[in-house]
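The block underneath contains the structure these notes are about, expressed in structure tokens.
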Amino acid sequence: MDAMNGLEVQGLVKRYQNTLVVDDISFHVAEGEFFVLLGPSGGGKTTILRLISGLETPDAGHVFINQQDVTNASPRQRNLGMVFQDYGIYPNMNVFDNIAYGLQARKMARVEIEKRISTVAEKLGLRPFLTKTAIDLSGGEQQRVALARAMVKDADAYLFDEPLANLDPKLRYRARRDIQALHQQKRKPSIYVTHDQSEAFAMADRIAVIARGHLQQVGTPDEILHHPANLFMARFIGTPPMNVLEGRCIHGDDGYQVEVADLHLSLDPRWNQVVQQNVASVMVGLAPTAFIPEWELVDYPQVTVHRGVVEDIEPLVGENLLTVRLVDGNHLRMLYEDSGAALPAIDQVFAFGVDEERICLFDISTEEALSPQSW
Ligand SMILES: Nc1ncnc2c1ncn2[C@@H]1O[C@H](COP(=O)(O)OP(=O)(O)OP(=O)(O)O)[C@@H](O)[C@H]1O
């Protein structure tokens, strides 16, 4: 297959001993695109970055940078800017020399090195630290040194492996802005590894979710959140993630419905073909934000009213998370903005509506999402 400009991986496979850690991963990151690898710990994200950077060699597959096959090139030959979690800083060197290291290795003229470091030190607030020994810096300062080192290079692509993991929340916010500024300035492909969904959603142009060595889904944050490709995605994305319950498709008076416990949810006619082709049982995904609370039902006279019993109420920042028990013992978690309306009491019967436009259906055996017809 032809490779495209930017950064591309095709069919990457990596085994450690007999364990398959990266299983046939392919994606393309365009020039200027900020691409996030998101997934649970141990899923293979770091290994993918190490294969791209040349720190590991794949058992199969290829890495292309601007259409060049660099699969067997050394890390230095790949001309990448890298910021990793442990920063890779030389503890006994001063900050200036740490930043200059890669440039000196490339035999850049001293005046040019000084000019670049002066600019980047100004931008990242590192000027007062340039002559300090790296080991004497705080974690946040060391992180900025690592970022500065990536910034002074004219790399063909930038790789970030959980660079904010060791920072406190306030520093993390600032470092996130610094990384975005670096990306905006360079307009190269950037790949950013994190297991933090809020970080991924705040930063990404597109997100690739990696779990158990597999690429589960690639898409914009919106696609990932609203159109999960499979049950793994439905159960993984969002805080809290979607409610996933088994349902039964039946044909009612007004077209198809899906029954979940005692809820009868009407399916838009766009689902007809899919439902006709599939067996009666499906898995149903309902986002915690897809419910209309009791206190708003008066505004939606058309909406069917369902009932459950409130089992738990968890106040969050500006929101409340209600856990509602259905007759069959299953639960729905519902997220409501804190509107000032009086919340129900525990054990009270709670009336709610469902935004039926937002129903997701999944094949019970393949666990893949079923797609309604788009017309
Ligand atoms: N050098 C190695 N030798 C053996 N197994 C390894 C090696 N490096 C990684 N692994 C294993 O490969 C799997 C994937 O690890 P990897 O670090 O790529 O995951 P990750 O998604 O980046 O996780 P985290 O977010 O925790 O860093 C893990 O099970 C890990 O234990």
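The values are calculated or read from the model by the stated rules, or taken from the named source; none is laboratory data. Please read all numbers here as calculations on a predicted model, not as lab measurements. Cβ sites come from the backbone with ideal geometry, for glycine too, and all protein chains shown count toward neighbours.
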Q. Just one of P189, P169 is under 17 Å from K45 (Cα atoms), away from the ligand (no atom under 16 Å from the Cβ) and of a type outside the set (F, W, Y); which is it?
A. P189
(Q) Can you list residue pairs whose Cβ atoms sit under 8 Å apart, with the first residue in the range 101-127 being farther than 16 Å from R174 by Cβ and the second being of a type in the set (F, W, Y)? Count only pairs 6 or more apart in sequence or on different chains. (A) Y101/Y90; I117/F96
Q: Return the total of residues in the range 112-164 being within 16 Å of the ligand (Cβ to nearest atom) and modelled with pLDDT under 90.
A: 3
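Inspect all residues belonging to the range 338-350 and state whether any of them is within 31 Å of the chain's Cα centre (by Cα), aromatic (F, W, Y) and at pLDDT 95 or above.
First, pick out the residues of the range 338-350 that are within 31 Å of the chain's Cα centre (by Cα): 338-339.
After this cut, where a residue has to be aromatic (F, W, Y) as well, the list is none.
Looking for residues that are within 31 Å of the chain's Cα centre (by Cα), aromatic (F, W, Y) and at pLDDT 95 or above, one finds none in the range 338-350, hence no.
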Q. Among the residues of the range 9-25 satisfying the criterion of being farther than 14 Å from E56 by Cα and charged (D, E, K, R), which is nearest to the ligand (Cβ to nearest atom)?
A. D23
Q. Considering the range 321-338 alone, what residues qualify as being surrounded by 12 or more Cβ atoms within 10 Å (Cβ to Cβ) and either outside the structural domain of A261 (by the TED database) or farther than 16 Å from N243 by Cβ (or both)?
A. D338
Q: Determine if the range 85-96 includes at least one residue that is under 23 Å from K188 (Cα atoms) and in contact with a Ser or Thr (Cβ under 9 Å, 6 or more places away or on another chain).
A: yes
Q: Provide a single number: the residues in the range 244-301 that are touching a residue at least 12 places away in the same chain (Cβ under 8 Å) and of a type in the set (S, T, N, Q).
A: 6
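Say whether the condition of being part of a strand (DSSP E or B) and free of Cβ contacts under 8 Å to residues at least 24 places away in the same chain is met by at least one residue in the range 17-37.
Within the range 17-37, the first condition is being part of a strand (DSSP E or B), and the residues that meet it are 19-29, 34-37.
Subset that is free of Cβ contacts under 8 Å to residues at least 24 places away in the same chain: 19.
Yes - at least one qualifying residue is present in the range 17-37.
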Q. Taking the range 309-329, which residues are among the charged types (D, E, K, R) and not in a strand (DSSP E or B)?
A. D328
Q: State whether the residues of the range 60-69 include one that is closer than 21 Å to K14 by Cβ and either within 16 Å of the ligand (Cβ to nearest atom) or touching a Phe, Trp or Tyr at 6+ places or on another chain (Cβ under 6 Å) (or both).
A: yes
Q.
Which condition from (1) touching a Phe, Trp or Tyr at 6+ places or on another chain (Cβ under 9 Å); (2) not in a strand (DSSP E or B) is the one that R174 breaks?
A. (1)
